Amino acid sequence: MFSLIYRSVARESFIESDIYKMLSDARDFNAEHHITGCLLYHDRKFLQFLEGEKSVIISLFNAIESDSRHHKIAVLKTEDRQDRIFDRWSMAFYDYGNLRLSAQHKLRQIDQFFESSRAFEKSSKLTSNYFGEVREMLLESAL
Ligand SMILES: Cc1cc2nc3c(=O)[nH]c(=O)nc-3n(C[C@H](O)[C@H](O)[C@H](O)COP(=O)(O)O)c2cc1C
């Protein structure tokens, strides 16, 4: 099992309806290839957590990296693991839109997300790393 976390920025032309269409295709592909994970979208920024068989994840990430609908792609962390963290999700999607919420409100949302993913049951460096990134991304534009 291999996990990869990256962040990127959506191009102007990648509008919300296209993101939802992409997501629907991605979920079909991921389910077929036993890929699980989570994609967060906020303020034009993506943060994705991918996990699955190593060669499958690397080949998917190569496709994602050359996808012109986003740019400024940066890998934040990779890890070889025994088990999956998001084992129930072919690609959970959290759209935090462009809402200018208070930092406190956002932190509450992140806690809910963390609990619903049950990632806390598989507490590891990788999950704390991911949720740390989630916090940072959401709070960058908090009020
Ligand atoms: C932010 C972002 C996340 C993506 N996540 C996935 C994903 O989890 N699974 C997937 O199959 N495609 C995902 N894609 C789409 C891929 O980049 C690509 O379009 C898809 O693998 C088809 O590649 P191909 O046109 O080379 O066949 C994502 C694209 C973007 C921009």
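The values are calculated or read from the model by the stated rules, or taken from the named source; none is laboratory data. Source: prediction; values computed, not measured. Here Cβ is always computed from backbone atoms with ideal geometry, including for glycine, and neighbour counts include all displayed protein chains. SASA here: full protein model, heavy atoms, side chains in, ligands and nucleic acids out. Shrake-Rupley method; radii C 1.70, N 1.55, O 1.52, S 1.80 Å.
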* To do: Pick out, from S59, M137, H70, the residue whose Cα sits farthest towards the positive end of the charge dipole of the chain, with +1 on the Cβ of Lys and Arg and -1 on the Cβ of Asp and Glu.
  => M137
* Taking amide H positions as placed 1.01 Å from N in the peptide plane, with prolines and chain starts having none, which residues 5 or more places from D43, or on another chain, fall under 5 Å of its amide H? -> G97, N98
* For the stretch 44-114 and the stretch 8-38, what is the separation of their C-alpha centers, rounded to whole Å? -> 10 Å
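Using Cα-Cα distances under 8 Å and only pairs 6 or more residues apart, what relative contact order does the chain have, in percent?
That works out to 34 percent.
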* Asked: Per 10 Å bin, what percent of the C-alpha pairs of the stretch 2-99 does each bin hold, from zero upward?
  -> 16, 53, 28, 3
* With all protein chains modelled, accessible area of K72 [1.4 Å, Å²] -> 140 Å²
* For the stretch 8-143, what is the accessible area per residue in Å², given a 1.4 Å probe and the full set of protein chains? -> 54 Å²
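In the chain, what percent of the accessible surface is made up of carbon and sulfur (1.4 Å probe, ligands and nucleic acids excluded)? Let's see the in-between values first.
On the way: 3770 of 7520 Å².
Roughly 50 percent, rounded to a whole number.
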* To do: Report the antiparallel proportion of the DSSP beta bridges in the stretch 2-99 as a percent, rounded to a multiple of 5.
  => 85 percent
* Could you work out the Rg to Rh ratio of the stretch 39-85, with Rh taken as the Kirkwood radius (inverse of the mean 1/r over all Cα pairs)? => 0.97
* Probe 1.4 Å, all protein chains present, accessible-area order of V134, V75, V9, largest first -> V75, V9, V134
* Asked: Dipole size in debye (nearest 20) for the stretch 2-99 around its Cα centre, Lys and Arg Cβ +1, Asp and Glu Cβ -1?
  -> 280 debye
